[in-house]
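The values are calculated or read from the model by the stated rules, or taken from the named source; none is laboratory data. Please read these numbers as outputs of a predicted model, since none were measured by experiment. For neighbour counting, all protein chains shown are included, and Cβ atoms are generated from backbone atoms with ideal geometry for every residue, glycine included. Each accessible area value is taken on the protein alone, full model and side chains, heavy atoms only, with ligands, DNA and RNA left out. Shrake-Rupley method; radii C 1.70, N 1.55, O 1.52, S 1.80 Å.
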Amino acid sequence: MAKPGFEREQRIQFTLAEAGLSTLAIRAGQTRTAEGEHSDAIFPTSSFVYSSAREAAARFSGDEEGNIYSRFTNPTVHAFEKRMAALEGAERAVATSSGMAAILSIGLALLQQGDHVVCSRSVFGSTISLFEKYLSRAGISTTFVDPKDLHAWEAAIQANTRLLFLETPSNPLGELTDIKAVAAIAHKHDAWLAVDNCFLTPVFQRPLLLGADIVIHSATKYLDGQGRCVGGVVVGSDTLMEEIYGFIRTGGACMSPFNAWVFHKGLETLKIRMEAHERNAMEMAIWLQQQPGIEKVYYTGLESHAQHALAIQQQNGFGGVLSFEVSGDQDAAWRFIDATQMVSITANLGDVKSTITHPATTTHGRMTPEARAEAGIKPNLVRLSVGHEDIEDIRADMQLGLNAL
Ligand SMILES: *Cc1c(COP(=O)(O)O)cnc(C)c1O
């Protein structure tokens, strides 16, 4: 049977060296069946059939390549993985059921009892719980460090340190870690560096090209960008990803075909979405900085940001999340948030809809007041994930917040 377009697609093997990011986001990993569909098909099936008992046996023994069961492989999930690997400049990607499952897979597939982790203290709240509460039960210990302080990273290394883990820029203050420098520290001590690249996506930062060994994403955020699905992905070398894949297929934290299809299609618009997020975020950051009632704005794109030079050096852009301190205390921050009418009050981020959050009582509410103070998350801090609404309308909504101070 003729396969329209199939041979042509087979010849298209884009890599970062050969094509631009938008091209990769649209063309890498594309699938096409004998029907010749232009948009990628979805394969919502749990299992696959064989033409004979002999063929089934060959698949199971590994003598023959092919699908068996969607916890192991699925064409839609594989398409998303190939596209993500191309975008991050990686050999391979493994899709997971959530961003947290991606981080869990690093812990359980690459580490073992007696191993030690050095982790930035400014990472996603559940990441801290995962290391502190759950991986510790498996005998994996973690030291948390100030992500900006290279001496602290080095000083925290022990003989049994196998993994360094960070998120840059951090949430919600946009603290940066020098990826190249921390990768060098990791490699000097025979450890891996894993980077959570959720806030910038490969459009604005590619940690593997800066020396990191592993990148993880919560696909739930910008990769989808429209708040439809929960998912994650791990990318890196073939060798490391084979271990991650082994854990995901055995442990069962795999991505569903439907979610993979949404993420795969979502990536097609990732570059223009990220650019639109950044354009609006930059305008809002500059405007907020000039308003009476706003004490400080945190956005790595501002020249006033303490690590603006590092941002320019290792990022291709500044992203869509900013935060600011209002005059007053927690009560003032809450009044500001409650006075807005359009932006969504939610702890989620990375959506075409702008979202507003009070970190001290939500995303960072489980920290002790002392730990929060040390991390610099004040009661008057508000986080804004800037979406794609017209900038005049976002500004008008923030003005309502300012009027309530
Ligand atoms: C949301 C988030 C996660 C966790 O991802 P889930 O998909 O919710 O499991 C991890 N890291 C960062 C930076 C996040 O924002």
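Under the condition of being among the hydroxyl-bearing types (Ser, Thr, Tyr), within 16 Å of the ligand (Cβ to nearest atom) and in a loop (DSSP other than H, G, I, E, B), the residues counted in the stretch 330-353 number 1.
Report, ordered by the first and then the second residue, all pairs with beta carbons closer than 7 Å, sequence separation of six or more or different chains, a first member in the stretch 119-136 that is closer than 20 Å to Ala347 by Cβ and part of a helix (DSSP H, G or I), and a second member that is open to solvent by less than 50 Å² (accessible area, probe 1.4 Å) and modelled with pLDDT under 95. The qualifying pairs are Gly125/Thr363; Gly125/His364. Against the list (1) surrounded by 18 or more Cβ atoms within 10 Å (Cβ to Cβ); (2) out of contact with any His (no Cβ under 8 Å at 6 or more places or on another chain), the condition Val233 fails is (2).
Looking at Leu104, Leu87, Leu108, can you tell me which residue is part of a helix (DSSP H, G or I), open to solvent by 40 Å² or more (accessible area, probe 1.4 Å), touching a Ser or Thr at 6+ places or on another chain (Cβ under 9 Å) and in the same structural domain as Ala212 (by TED's automatic domain parsing)?
Values: Leu87 fails: open to solvent by 40 Å² or more (accessible area, probe 1.4 Å); Leu108 fails: touching a Ser or Thr at 6+ places or on another chain (Cβ under 9 Å).
Selected residue: Leu104, the only one of Leu104, Leu87, Leu108 that is part of a helix (DSSP H, G or I), open to solvent by 40 Å² or more (accessible area, probe 1.4 Å), touching a Ser or Thr at 6+ places or on another chain (Cβ under 9 Å) and in the same structural domain as Ala212 (by TED's automatic domain parsing).
Being among the small types (Gly, Ala, Ser), surrounded by fewer than 23 Cβ atoms within 10 Å (Cβ to Cβ) and assigned to a loop (DSSP other than H, G, I, E, B) is a condition met by no residue of the stretch 377-390.
Of all the listed residues (Arg121, Arg137, Arg162), the sole one being away from the ligand (no atom under 13 Å from the Cβ) and modelled with pLDDT under 95 is Arg121.
Condition (residue is under 21 Å from Thr73 (Cα atoms) and part of a strand (DSSP E or B)) applied to the stretch 237-249: is it met by at least one residue?
Kept after step one, since they are under 21 Å from Thr73 (Cα atoms), are these residues of the stretch 237-249: 237-249.
Add one more test, that the residue is part of a strand (DSSP E or B), and what stays is none.
There is no residue in the stretch 237-249 that is under 21 Å from Thr73 (Cα atoms) and part of a strand (DSSP E or B).
Applying a threshold of 7 Å to beta carbon distances and a minimum spacing of six or more residues, or different chains, the list of pairs starting in the stretch 95-109 at a residue that is within 12 Å of the ligand (Cβ to nearest atom) and ending at one that is at pLDDT below 95 and open to solvent by 10 Å² or more (accessible area, probe 1.4 Å) reads Met100/Ser126.
Does Phe336 fit the bill of being open to solvent by less than 40 Å² (accessible area, probe 1.4 Å) and either touching a Gly at 6+ places or on another chain (Cβ under 6 Å) or free of Cβ contacts under 8 Å to residues at least 40 places away in the same chain (or both)?
Here the answer is yes, as Phe336 does meet what is asked.
As a summary of the residue check, Ser304 satisfies the conditions (1) in a helix (DSSP H, G or I); (2) of a type in the set (Gly, Ala, Ser); (3) surrounded by fewer than 20 Cβ atoms within 10 Å (Cβ to Cβ) except for the one numbered (1). If you go through the stretch 188-219 and keep only what is more than 11 Å from the chain's Cα centre (by Cα) and either within 11 Å of the ligand (Cβ to nearest atom) or open to solvent by 20 Å² or more (accessible area, probe 1.4 Å) (or both), you end up with Lys188, His189, Asp190, Trp192, Arg206, Leu208, Leu209, Leu210, Gly211, Asp213.
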